[in-house]
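The structure under discussion appears below in the form of structure tokens.
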Amino acid sequence: MSRFIITSLLLWCAYVDSGAQIDLSTLNQKFESYQSVWGKTEIHLVLNQDKFFPGDTVWFKAYFLKEDRTSVTGKQLIDINLVDVEGKSKLHLLISVIDGSGQNQLVIPNALNAGFYLITAHSSWMMNFNPMPIFKKTIQVVTGNRIIEKEKTSIRSSAEGGHLIRGIPNKVSIMTNRVNVPVQIIDSATKEEGRTITDNNGLASIVFVPDEGINYFVKIEGDTTRTALSSVEEGYGITLAQVNKKEDSVRVLIIPSPGASVQKELYFIVSAKGKIHYSTAIKPLANEHTELSLSREKLPTGFVHLFLITGEGNTIASRDLYIPQENTIEAKLQTSKNQYHTREKVQLEVTLSDSRWPSG
């Protein structure tokens, strides 16, 4: 199979003739066609533990899923790599999964130094996407009771939707390998534009209003390492009101930057799990925002993708939204007995329940 690099999350717009105006019905049809040909997949590995000695065996189970969380059918091959902090593969194996699941193991090389490593997983199909939706899991290799800590600070950041739009609120997502530390957005003159503290996973987000002709950076306070944000552009942004379980609707604001070109007509599309759940046409006005209200009843729980599309089928703004689940899922584990010997098989009974589907 020849390799195609997908440079846009919505390459399905390429199904539309270049320069041709399209209507909402056509967009929906093209999206369905795109999903049938270029549907995204994802891999999840569940490991028996996350700390190992050299020579230990890593037992894992693999799940290969479509965007709608159903299993990828048939026999599929998955590439597994053990990667060091410099990005070099220390171990590679090819495993098979059948109808979306499989299990296997890898042995930590005896010569491996103590430290932090990544176990990655991807299929050949995932290599068609940019960025590639590769699975990553950090593990620790220890010698004795000592772990070599990470020394180099890692910071990754991105403006939500991929563009930094002038004169309107922009949300910047931040990922670091430092937990509970202050992070900042600064300009080239080190003026602070916003700050927050990373959570227990090293994640954070900052909302700020960028200005024209200024370069912005993300850094950890007190550390010299910093990463540059994308250049400031004119365009459109999608802003959301606070989303929580008590709200009946989600308030969406589509805001043009002061210098954005006025579009005759735009299409606002909401998709999740490979399907369109809401779509509408809007007629934006210069320097005025457009407000939409999305009924929570029409939106699925989990991650939802919002897109703003031109009449030619080009994506000019996008962002993600998380809809929390209204019913809390409770998990219960029951073992066949209370004590076990080393390497003895453990029989578990797992029960999941919520208010709609009580256990028992």
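The values are calculated or read from the model by the stated rules, or taken from the named source; none is laboratory data. These numbers come from a predicted model, not from an experiment. Note: ideal-geometry Cβ built from the backbone for every residue, glycine included; neighbour counts use all protein chains shown.
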Find the residue count for segment 167-216, including only residues that are closer than 27 Å to L321 by Cβ, touching a Phe, Trp or Tyr at 6+ places or on another chain (Cβ under 8 Å) and loosely packed, with under 13 Cβ neighbours inside 10 Å.
0
Which of the residues that make up segment 219-236 are closer than 21 Å to S257 by Cβ, in contact (Cβ under 8 Å) with a residue 40 or more places away in the chain and either in a strand (DSSP E or B) or among the β-branched types (V, I, T) (or both)?
V232, E233, Y236
Residues in segment 300-320 that are free of Cβ contacts under 8 Å to residues at least 60 places away in the same chain and touching a helix residue (DSSP H, G or I) at 6+ places or on another chain (Cβ under 8 Å): how many?
0
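Specify which of the listed residues (S318, S279) is of a type in the set (S, T, Y) and either farther than 19 Å from P169 by Cβ or more than 28 Å from the chain's Cα centre (by Cα) (or both).
Residue meeting the stated conditions: S279.
Residue by residue through segment 321-357, note down the ones that are of a type in the set (S, T, N, Q) and over 22 Å from the mean Cα position of the chain (by Cα).
Those that are of a type in the set (S, T, N, Q) and over 22 Å from the mean Cα position of the chain (by Cα): N327, T328, Q334, T335, S336, N338, Q339, T342, Q347, T351, S353, S355.
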Between residues in segment 248-261 that are farther than 24 Å from T301 by Cβ and residues that are of a type in the set (K, R), which pairs lie under 9 Å by C-beta distance while being six or more apart or on different chains?
S257/R166; P258/R166; G259/R166; A260/R166
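Would a scan of segment 293-300 turn up a residue that is of a type outside the set (S, T, N, Q), at pLDDT 85 or above and assigned to a loop (DSSP other than H, G, I, E, B)?
no
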Given the residues G237, G259, G222, G313, which is the only one that is surrounded by 18 or more Cβ atoms within 10 Å (Cβ to Cβ) and either in contact with a Phe, Trp or Tyr (Cβ under 6 Å, 6 or more places away or on another chain) or over 30 Å from Q325 (Cβ atoms) (or both)?
G313
Name the residue, out of S2, S36, S18, that is in a helix (DSSP H, G or I), surrounded by fewer than 14 Cβ atoms within 10 Å (Cβ to Cβ) and modelled with pLDDT under 70.
S36
Pairs needed: first member in segment 85-107, under 15 Å from T57 (Cβ atoms); second member anywhere, of a type in the set (D, E, K, R) and assigned to a strand (DSSP E or B); C-beta distance under 9 Å; at least 6 residues apart or different chains.
L93/D79; I95/D79; Q103/K61; N104/K61
